[in-house]
Amino acid sequence: MDDSTVAKLEGANLEDLGIPTGRLAMWWFLASEISIFGGLVCIFVLLRWRHPEWASEAVHTINAAGALNTVVLLTSSLSAVLAHQAAEDGRYRKAARLLGATFGGGVIFLCVKAYEYSHEIHAGFVPARSMFWSFYYLMTGLHALHVIGGMVAMFVIMLSVRKGLNPQRVEYVGIYWHFVDIVWIFLFPLLYLAS
Amino acid sequence: MFDSWLPEAASSYAEKIDGLLVFITVIVGAWFLASEALLVYLALRYRRVEGRPAAYIPANTLRVMAVVLVPCVVILVFDLVIDAVAAPVWHEIKETQPPHDALIRVSGEQWAWRFFYPGPDGVLDSADDFEVVNEMHVPVGAVVLFELVAKDVLHSLWIPALRLKQDAVPGRSIRGWFKATREGRYEIICAEICGFGHTLMKSGLVVENQTAYRAWLDSQQGTQLAEAGHPGQR
Amino acid sequence: MSRKPESSEQASATAGAHAHPNYIAIWSILLFAMLVSVLLGELEIPGFTTTLIFTIAIVKAYLVAAHFMHIKSEPRFVVLILASAAACLYFLFIGLAPDTVFGPFVE
Amino acid sequence: MAHSAHHPPVGFLGRYVFSTDHKVIAKQYLFTGIFMALVGGFLAYVIRMQLTFPGESIPGYGHVSFVHYNAVVTLHGTIMIFWVAMPVLLAALANFLIPLMIGAEDMAFPRLNMLSYWIFLLSTVVLLSSFFVPGGAAAGGWTSYPPLSGSAAFSGGQWGVSLWILAVALEFAAFLMGGINFITTAFNMRAPGMKLFDMPIMVWLQVVAAIVFMLSVGPLIAGAVMLLLDRLVGTGFFDPAAGGDPLLFQHLFWFFGHPEVYVVLLPGFGVIGEILPVFSRKPIFGYRMIIYATFVTGVMSFIVWAHHQFIAGIDPRLATPFSITTILISVPIAIMVFSYMATLWRGSIEFKTPMLFALGALAVFLLGGVTGIHNGTPAADIFLHDTYFVVAHFHYALIPPVFFAFFAAMYYWFPKMFGRMLNERLGVAHFVFTFFFMNLTFLPMFLLGFMGHQRRIADPRVFDTLRNAQVENLHWLATIGAIGLLLGQIPFLVNLVMSLIRGERAEANPWRANTLEWTVPSPPGHGNFERQPVVYRGPYEYSSPESSEDFLPQNAAP
């Protein structure tokens, strides 16, 4: 560390740098999430590298459904960020409506996912079939749990922000939602496209 | 010196490992005793005495911090010396493979060691292989190449007298070597927890001269050839 | 005793201090990038396709992180937090690769 | 967030059970941790007795079968690391001290804090329940390496390992919540005037420990889920027959497991760093140097993990690089230890119980530290790996921060926690017993290790090399030491109970210390500070020329 960085760190009250407590906590939370999903992705990439033959399993994932879900998540991210903007402008009812749209995106995402799972399980691609499918269900399942968690939080915040309470939380749940979106951005090519 | 506590040394690299243990112990032991003595000295020398107030030394300049940093730099040097001395030993034992005189596949399972000998053709997985349970025979002074596999869970091939330890991992065939330098009977132990019978998972290693080894090989091959008529033996 | 962080949170949420990027434009770029990678996936040019698909994924992740999560307008410290998590994963990957990919496996 | 902090809660439940007050949560963690320490200590007694009198019935436990022995060893390790060291050092001390030391009324997220404790308690219940399920508790070692732990076919019980994984996962979730709380509190809730480099070392080291924990645990959480799926769903992540890899789990485990050592070590060092200056009446030697050394330790702890696996079947070419990083991490740790020793230099040392334990921790840790060099050298590790040398090493390295520093912290902060002083005579007796018997227990193990005595065997007499009087005598010594060590805790427990009931009332600042927690009454009321303190200086201005007294509190106006 050079002297100027040290001086900056020492003199800095981080609050003055403009990270409110809630957002700082969200960033640290996402750092721990990065290490969970990232660790999983590392493991998958390494094993996939060792086993090129998984490609023959990977072709059975439903690309169209994955692509549709990417669109859904990207769009719900858009409405989340627009909700944040509305909350910043003090238009809380609009923020709540946009959060509702994001919530709806989550519902569509889960429906598509459920369709995929049932389709694949009917075709015999169950988790214990092979390592690729084990990873597929583990990674998408963990991601889906995060989607559900985000939707629960979003629902609670939607109700409170309508009344103008805690509008800053719209941003926090948005940051989390974008992270879930980014995870999907990587899972989509990893599990669907690369074959 | 403490090396009298170590088990009997019976392999070509045993003494190198023992030497390394002594070397490290002497270095870190000296540091340990010196630090411990310093700690006791400081604590007693500067105990509370009426009329002797403590000095105000915040140590926020490099000049003062050097009191701590210089010893640490010396430690760093000692650390690197230890690694420099140790690395070649590791390299010889685990990273290189001298030409071998005998080949044995060692397989760990709950809770026994199996030893597969390649038979006269010197190739494993051929018809003339034979298998021994819980007793490995090797010729003295010969380089033995082993292929270590595990059938069910992790095991660890631990022959204290040879200073040989290597985990056996299911799904992998790990190669290693040793050269036993002293005839005798030694213990083969499992050093990695492997279930209820872990404590009882031990075998014997017989290091014998070439004639005895040959005789043993012939006797084993004889019995196994007699059984060759029964397929599905393995 | 006042809780300063709380009040400044309210302030930052309502002030609207920074100019907003054009979210719709970014969203359109993201959708287009997705379309490209899906089409590339169908083409299957060995080696090339995979590299390109993952490059596109990284670009997409960057766009979302920088503009939707507003990392661009956050203090450097946030980047440091996230980068330290990524750096740890880098160590993990490097340490794992020799064993996981190239072990003395028996089939 | 919870504004309830402004209004003191009413009723017994609100005040002591479902409380969001960081001080109450700290005590909940503390007592849960002490209870688990008693469980873990009892298991240690069973291990020692079994090794000295193999096959005989042990008073208080009964006959130990090989199955039970593996479970006892596994649970002893698991409990001592995850259910004693973590809750006591990280959760209890950080919860109690961070807000008080930085002048905050509570944690940043009091309700998250409460949730963290209740999840932790749930994990404790799950773990303890695993003793009583069919097949018994987990018996695959505290590392739970698959394939042994990956299938009931290999390890016996269907339930034990699954519950073990669940308990550990819940515990990780609890500490992730706690960690986020500690970090954000320390960064954002500091009293006016307190810069980052005015924070006490304890706060710094807790924050670094929390960060290291958060960044290292993720891959193991993934690994634990994979292991659980292997057991319950029949996937094959760690099953070579299905294309999985047992070594993968070892890497994930130690990628977390080694940083975890520092997660436990750093708070312990933080305690020592608080106590030495107070009882030497001298500023800590090189405050910033210590903190920078902590940063370096934290970063380096991520690149040393494979030294646990030198002979585990990893690529042998990895050994030397990992050995170099391992041995290099001794340098920042040495900086910390030597700085602490230099703090004594030209001080005015008072040998009160907290100081005795702090000095004892340093004295014991030195041996644990230097023997790490043996284990970190790959070629030497060929012989020493999985022997009692390793056992002795990590007990010498972890007992100082986990127990010595914890006792030091108890004697030092007990007045602040409960408003009464602990008895000094019982404290000194406790120290003497603990120090003597700790060494009597673990010194013989170094020699057992040199004799090639491997770990985790239930009966040394099975082996020709270990069937001799020397081994027997060393086991005798260690067992006498262990029993003495356990009995030596009686003065402490008696002291705790007696002092809680009728100890001498503590004034606000009995040790004449500088940090902010000593500026409020003992024990502090709800909301901690009646008036927002303002900080003017660093925490270690003892014997400063600026003051006529030998201490200068952080909030004393210049």
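Quick note: the coordinates plus some simple rules give every number you see, no bench work behind them. This is a predicted model, so every value here is computed, not measured. Ideal geometry is used to build each Cβ from the backbone, glycine not excepted, and the neighbour counts take in all protein chains shown.
For A:Phe125, the shell of other residues with beta-carbons less than 12 Å away shows a net charge of -2, using +1 for Lys and Arg and -1 for Asp and Glu.
Within chain D, the whole DSSP H helices whose Cα atoms reach 30 Å or more along their own axis and whose mean Kyte-Doolittle score is at least 0.0 are D:22-52, D:160-188, D:201-232, D:246-280, D:353-376, D:424-450. GNM remark for chain A: springs join alpha carbons under 10 Å apart, and the peak mean-square fluctuation among A:Ala101, A:Ala83, A:Ala31 falls on A:Ala31.
Based on DSSP H assignment, which helices of chain B show an axial Cα extent of at least 24 Å together with a mean Kyte-Doolittle hydropathy greater than or equal to 0.5? Span-like helices in chain B: B:14-45, B:62-90.
Here the protein assembly as shown has an Rg and Dmax of 30.4, 99 Å, counting Cα atoms alone.
The residues neighbouring D:Ser149, those whose beta-carbon lies less than 10 Å from its own, together hold a net charge of 0 under the Lys/Arg +1, Asp/Glu -1 convention.
For B:Ala127 and A:Ile121, a Förster radius of 45 Å and the Cβ-Cβ distance give a FRET efficiency of 0.50, rounded to the nearest 0.05. Would you mind telling me which residue in A:Phe44, A:Phe29, A:Phe125 has the biggest mean-square fluctuation in a Gaussian network model of chain A, where springs connect alpha carbons within a distance under 10 angstrom? It is A:Phe29. Simple spin-label estimate for D:Arg288 and A:Lys163 gives 5.0 nm between the two label positions (7 Å along the Cα-to-Cβ direction from each Cα). Spin-label pair A:Ile108-D:Arg317: with each label point 7 Å from Cα along the Cα-Cβ axis, the two points sit 5.0 nm from one another. For segment B:144-161, 3J(HN,Hα) computed residue by residue from phi via the Karplus equation (6.51, -1.76, 1.60; θ = phi - 60°) reads 9, 9, 10, 10, 9, 10, 10, 8, 10, 10, 5, 9, 9, 6, 10, 10, x, 5 Hz, glycine and proline entered as x.
Listed by chain and number, the lysines whose C-alpha is less than 28 Å from the C-alpha of A:Lys113, apart from same-chain residues fewer than 8 away, are C:Lys60. Of all DSSP beta bridges confined to the protein assembly as shown, the antiparallel ones make up roughly 70%.
Based on the convex hull around the alpha carbon atoms, segment B:2-95 presents an average projected area of 9.3 nm².
Taking only DSSP H segments of four or more residues, each worth -39500 (n - 2.57), what value at 222 nm results for chain B once the sum is divided by all its residues, to the nearest 500 deg cm²/dmol? After summing the helix terms and dividing by the residues of chain B, the value is -12000 deg cm²/dmol.
If you wrap the tightest convex hull around every Cα atom of segment D:494-539 and split its volume per residue, you get 94 Å³.
Membrane-span-like helices in chain A (whole DSSP H runs, Cα extent of at least 30 Å along the helix axis, mean Kyte-Doolittle hydropathy of at least -1.0): A:21-50, A:63-88, A:92-122, A:131-162. When all alpha carbon pairs of chain D are counted in 10 Å bins from zero, the resulting P(r) reads 4, 18, 29, 28, 15, 6, 1, 0 %. Histogrammed with a bin width of 5 Å, the alpha carbon distances of segment A:20-193 distribute as 2, 8, 17, 19, 17, 14, 10, 7, 4, 2, 0, 0 percent, first bin at zero. Scanning chain B for GluC sites (Glu not before Pro) that sit in a DSSP loop and have at most 13 other Cβ atoms within 10 Å, the longest stretch containing none of them is B:51-234. Taking 26 Å as the straight-line reach from the Cα of A:Lys163, the lysines in range (excluding those fewer than 8 positions away in the same chain) are A:Lys94, C:Lys4. Compactness check for segment B:102-227: Cα Rg over 2.2 N^0.38 Å is 1.00. For segment D:344-421, chymotrypsin sites (Phe, Trp or Tyr not before Pro) meeting the loop criterion (DSSP other than H, G, I, E, B) and having at most 16 other Cβ atoms within 10 Å: D:Phe351. Placing a label point 7 Å from the Cα of A:Ala64 along the Cα-to-Cβ direction, the residues of segment C:31-53 whose backbone N falls under 15 Å from that point are C:39, C:42. In straight-distance terms, cross-link reach from B:Lys94 covers every one of the lysines whose alpha-carbon lies under 18 Å from its own, apart from those fewer than eight places away in the same chain; here that gives B:Lys16, B:Lys165, B:Lys179. Couplings 3J(HN,Hα) of segment B:163-170, computed from phi: 6, 10, 9, 7, 6, 9, 10, x Hz, in residue order, whole Hz [Karplus 6.51 cos²θ - 1.76 cosθ + 1.60, θ = phi - 60°; x for Gly and Pro].
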